């Protein structure tokens, strides 16, 4: 009975959010959000977003950014914003 109530609750929540019923069971993967520019991305991810294993590339004596959000899916959706191609998009120094 608990499983059925849990699944029904999940389906109702998915419907309220406008998601397909399959999202409640975990069989549908939601796409990562694509941001229009770094200003929009930095409102959510203040220090940028990078793929797993990425390291900020810097020139000169500046310190690399290490506190960016690690999320390969969000990075892949926004890799157009990674100007130096170091695996970290919209990093703030």
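The values are calculated or read from the model by the stated rules, or taken from the named source; none is laboratory data. What you are looking at is a predicted structure, and each value in this text was computed from that prediction instead of being measured. Cβ sites come from the backbone with ideal geometry, for glycine too, and all protein chains shown count toward neighbours.
Some points to look at:
- Residues (part of a helix (DSSP H, G or I) and either outside the structural domain of residue 54 (by TED's automatic domain parsing) or buried (at least 24 other Cβ atoms within 10 Å of the Cβ) (or both)) located in segment 73-92: 75
- Whether a residue is in contact with a helix residue (DSSP H, G or I) (Cβ under 7 Å, 6 or more places away or on another chain), at pLDDT below 95, surrounded by 11 or more Cβ atoms within 10 Å (Cβ to Cβ) and part of a loop (DSSP other than H, G, I, E, B) was assessed, and residue 24 does not pass this test.
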